[in-house]
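The values are calculated or read from the model by the stated rules, or taken from the named source; none is laboratory data. Predicted model only: the values in this text are computed from it and were never measured. Virtual Cβ from ideal backbone geometry, glycine too; neighbours counted across all protein chains shown.
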Amino acid sequence: MKTWPTLSIDPTKAKLWREKGYWLDRPITQLFDEHVLARPDQLCLIDSRREITYFQLQELSYRLALGLQKIGFQTGDVIAVQLPNWIEFVAIHIAVVRLRGVIALIPPISRGPEVAKMLRISKAKYWVIANEFKGLDYLAMAHQLKWQNLIVIGESDNKSIDFDSLINTKQNIEEIKRHFNHTSIDADDVAEIVFTSGTTGEPKGVMHTHNTIMAPQLAMAHSLSVNHESVLHMASTLSHQTGFLNGIHLTLQTGATTLLQDQWVAHRFLELAEKYKVQISSGSSTFLLDILRTPQLNQFDLSSWRIFRAGGGPIPIALVEEAESRLPHLRVLRGWGQTENGVVTLSRLGDPQSVRCFTDGRAQTGMQIQVVDANQHPVSSGQEGSLQCQGAFMCLAYANDPQMLQKEHQGDWFVTGDLATIDQNGNITLTGRLKDIIIRGGEKIPVHEIENILFNDERILEVAIVGMPDERLGERACAFVLCRQGHQLNLKNMQDFLKDKDVVKQYWPERLEVVVTMPRSANGKIQKAVLRQLLSNTKT
């Protein structure tokens with residue numbers, strides 16, 4: 001019995017998207033296996049520990065699928081994956097698709113309480129972790145949560161399943177292939193659950209089918225001219241939609257070769273880019289800024305690097321201009337999208353620099369966008385309004401509440417929560433966010449959740465967290481605090497409190513403003529726009 005039933009799909013829209021070729025009704029395994037047949041010895045993935053060819057990855061995925069089946073994995077089961085950008089992550093995804101299961105993505109930076117929520121919301125039966133990474137003992141964290149079906153890469157213990165034991169079968173690979181060849185996969189089944197922060201900062205489990213995670217990368221491959229000769233690079237975590245779609249799916253759908261970085265070090269990227277002739281990289285503006293600030297930049301041959309696809313938050317216009325000036329072969333393409341819908345808009349290679357610098361591009365094939373006023377009427381060119389979208393990339397539900405997604409629609413249009421302008425050519429420019437979510441280096445900070453935690457500090461009477469512009473990370477968080485009578489607070493006190501509450505460090509406010517009063521609207525609501533203005537009028 002499936003953990004998640006087949007989700008409701010508008011038959012008229014589904015028919016249209018199939019007719020137009022946005023939905024192929026084919027799982028990723030079919031396209032991947034075709035690339036294996038055509039070019040078995042081509043490098044598929046390179047991570048910090050090894051390289052693997054298409055044929056080797058196929059064999060690994062089949063052995064892993066058999067190993068998971070032997071420990072009880074059934075059709076429709078959910079496996080949560082919390083791993084660095086390693087080859088095993090990709091192999092797990094392929095194996096789970098072969099088993100007609102669901103993958104749930106948990107970012108490596110997530111800690112106990114946050115992980116527990118994701119495991120519960122996704123209804124995960126299995127959880128895959130690294131024993132240790134970047135100083136974090138994931139095994140100890142898992143045992144604190146008293147998780148049963150735990151699969152560990154690296155040194156395990158008698159309470160967990162060793163990953164290598166799942167793939168160390170002596171069964172002939174052709175026999176294993178035949179064992180799975182009869183499996184029929186419905187492309188409308190749930191294939192992925194990925195988490196994003198909602199308006200309250202609580203994680204929402206975005207549910208995608210095989211069709212809705214394949215469609216964005218069909219369009220992306222066309223927009224960026226990606227094929228089996230392309231060499232891609234991904235340093236964003238595979239546990240976010242940017243990494244999952246552009247690091248895994250774009251690779252396997254096109255037959256490309258991809259370099260996975262599990263720790264972002266700009267100098268290491270330069271070494272890899274020169275060695276493997278990287279052509280396309282995707283990520284937040286932080287990555288590009290770090291590269292440009294590397295003293296040895298001019299010592300590397302980056303002539304193959306033709307595209308940096310920028311997303312995950314605002315990118316300074318000056319940064320685009322500097323990058324293209326110092327790296328003449330490079331084109332920076334701004335875009336916009338969400339966990340719910342992939343990359344919806346994108347500037348194109350043929351666009352003039354003015355379009356690529358000042359706009360977030362136009363809709364990709366398979367999606368529609370509009371910018372509307374408060375009365376749901378399309379705005380004039382250059383006028384700010386609510387950004388809405390619809391199309392073949394859209395998720396079908398949230399795991400938390402199957403009805404929640406429909407509540408975020410106006411008719412057929414998904415209300416994104418972002419503000420934008422749109423020009424006469426359909427190019428949008430993001431101007432702000434209706435939701436109070438701060439994006440720090442491509443990572444969304446769950447503002448409401450952090451505020452709620454800080455309210456538990458006996459020294460704090462009220463707190464409001466807002467974003468402040470940052471050259472490198474796009475934004476950082478600033479906390480405005482009204483202290484209780486007789487109490488004082490400094491930045492270190494506040495950060496120590498959050499550390500004791502197991503809050504991820506990237507979510508900590510990095511500036512504190514202690515105030516004697518909070519600006520409020522007529523109905524008593526704290527006016528965060530006024531707080532942001534106060535920040536812009538003061539020096540950090």
ask   = Within the stretch 390-402, restricting attention to residues that are more than 19 Å from G21 (Cα to Cα) and surrounded by 15 or more Cβ atoms within 10 Å (Cβ to Cβ), which residue is modelled with the lowest pLDDT?
value = P402
note = Restricting attention to the stretch 146-193, the residues that are closer than 19 Å to L66 by Cβ, assigned to a strand (DSSP E or B) and not β-branched (V, I, T) number exactly 1
ask   = Which one of the conditions (1) in a strand (DSSP E or B); (2) touching a helix residue (DSSP H, G or I) at 6+ places or on another chain (Cβ under 8 Å); (3) under 26 Å from S239 (Cα atoms) does R472 fail to meet, given that it meets all the rest?
value = (1)
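Residue check: is S347 over 23 Å from G21 (Cα atoms) and either surrounded by 14 or more Cβ atoms within 10 Å (Cβ to Cβ) or among the hydroxyl-bearing types (S, T, Y) (or both)?
It is false that S347 is over 23 Å from G21 (Cα atoms) and either surrounded by 14 or more Cβ atoms within 10 Å (Cβ to Cβ) or among the hydroxyl-bearing types (S, T, Y) (or both).
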task = Being assigned to a loop (DSSP other than H, G, I, E, B), under 25 Å from the mean Cα position of the chain (by Cα) and either surrounded by 15 or more Cβ atoms within 10 Å (Cβ to Cβ) or on the phi > 0 side of the Ramachandran plot (or both) is the filter here, so list the residues in the stretch 1-18 that pass it.
result = T3, W4, L7, I9
remark   = For E408, the lone unmet condition from (1) touching a residue at least 24 places away in the same chain (Cβ under 8 Å); (2) under 27 Å from the mean Cα position of the chain (by Cα) is (1)
task = Filter the stretch 367-389 down to the residues that are among the hydrophobic types (A, V, I, L, M, F, W, C) and surrounded by 21 or more Cβ atoms within 10 Å (Cβ to Cβ), then identify the one that is nearest to G243 (Cα to Cα).
result = M367
query = List pairs: first in the stretch 146-164 and of a type in the set (F, W, Y), second crowded, with 18+ Cβ neighbours inside 10 Å, Cβ under 8 Å, 6+ apart or cross-chain?
reply = W147/L119; W147/W127; F163/E88; F163/V128; F163/I151; F163/V152; F163/I153; F163/S156
Selected residue (criterion: farthest from V194 (Cα to Cα)) from residues of the stretch 430-471 that are within 21 Å of the chain's Cα centre (by Cα) and among the β-branched types (V, I, T) = I450
Filter pass, A95 being crowded, with 24+ Cβ neighbours inside 10 Å, closer than 15 Å to P27 by Cβ and touching a helix residue (DSSP H, G or I) at 6+ places or on another chain (Cβ under 6 Å) = yes
ask   = Just a yes or no: is a residue in the stretch 427-449 modelled with pLDDT of 90 or more, out of contact with any helix residue (DSSP H, G or I) (no Cβ under 9 Å at 6 or more places or on another chain) and over 30 Å from G486 (Cα atoms)?
value = yes
query = Take the residues of the stretch 98-113 that are within 19 Å of the chain's Cα centre (by Cα) and of a type outside the set (A, V, I, L, M, F, W, C): which is nearest to T29 (Cα to Cα)?
reply = P107
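Every residue, every condition in (1) surrounded by 21 or more Cβ atoms within 10 Å (Cβ to Cβ); (2) of a type in the set (V, I, T); (3) modelled with pLDDT under 95, yes or no:
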| site | (1), (2), (3) |
| --- | --- |
| S285 | yes, no, yes |
| L288 | yes, no, yes |
| W305 | yes, no, no |
| V320 | yes, yes, yes |
| G337 | yes, no, yes |
| E340 | yes, no, no |
| F358 | no, no, yes |
| T365 | no, yes, no |
note = Checked the stretch 2-39 for anything among the basic types (K, R) and touching a Gly at 6+ places or on another chain (Cβ under 8 Å); matches are K2, K20, R39
note = Expected single match for free of Cβ contacts under 8 Å to residues at least 40 places away in the same chain, surrounded by 15 or more Cβ atoms within 10 Å (Cβ to Cβ) and aliphatic (A, V, I, L, M) among V516, V481, V504, V466 is V481
note = A careful count of residues in the stretch 350-387 that are farther than 23 Å from K20 by Cβ and part of a loop (DSSP other than H, G, I, E, B) gives 15
task = Considering each residue of the stretch 484-540, count those that are at pLDDT 95 or above, aliphatic (A, V, I, L, M) and in contact with a Cys (Cβ under 8 Å, 6 or more places away or on another chain), and give that number.
result = 3
request  = Could you check how many residues of the stretch 492-525 are out of contact with any Phe, Trp or Tyr (no Cβ under 9 Å at 6 or more places or on another chain), aliphatic (A, V, I, L, M) and farther than 28 Å from I315 by Cβ?
outcome  = 2
query = Taking the stretch 110-133 as the search range and keeping residues that are aliphatic (A, V, I, L, M) and free of Cβ contacts under 8 Å to residues at least 40 places away in the same chain, which one is surrounded by the fewest Cβ atoms within 10 Å (Cβ to Cβ)?
reply = A116
ask   = Name the strands (runs of 3 or more DSSP E) wholly within the stretch 35-92 that hold at least 2 residues that are in contact (Cβ under 8 Å) with a residue 24 or more places away in the chain?
value = 43-46, 78-82
Pick from the stretch 194-227, criterion part of a loop (DSSP other than H, G, I, E, B) and at pLDDT 95 or above, ranking: surrounded by the fewest Cβ atoms within 10 Å (Cβ to Cβ) = N227
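Given the residues E321, E340, which is the only one that is closer than 15 Å to V415 by Cβ and of a type in the set (D, E, K, R)?
On the way: E321 fails: closer than 15 Å to V415 by Cβ.
After applying the criteria, what remains is E340.
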inquiry  = Looking for something in contact with a Gly (Cβ under 6 Å, 6 or more places away or on another chain) and among the polar types (S, T, N, Q) - is there at least one such residue anywhere in the stretch 121-132?
reply    = yes
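Does G486 satisfy the condition of being free of Cβ contacts under 8 Å to residues at least 12 places away in the same chain and more than 23 Å from the chain's Cα centre (by Cα)?
yes
Residues are listed down the side, and each one gets a yes or a no for (1) within 20 Å of G101 (Cα to Cα); (2) among the hydrophobic types (A, V, I, L, M, F, W, C):
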site	(1), (2)
E132	no, no
I167	yes, yes
E175	no, no
H208	yes, no
task = Identify the residue in the stretch 155-178 that is of a type in the set (A, V, I, L, M, F, W, C) and touching a Gly at 6+ places or on another chain (Cβ under 7 Å) and, among all such residues, is surrounded by the most Cβ atoms within 10 Å (Cβ to Cβ).
result = L166
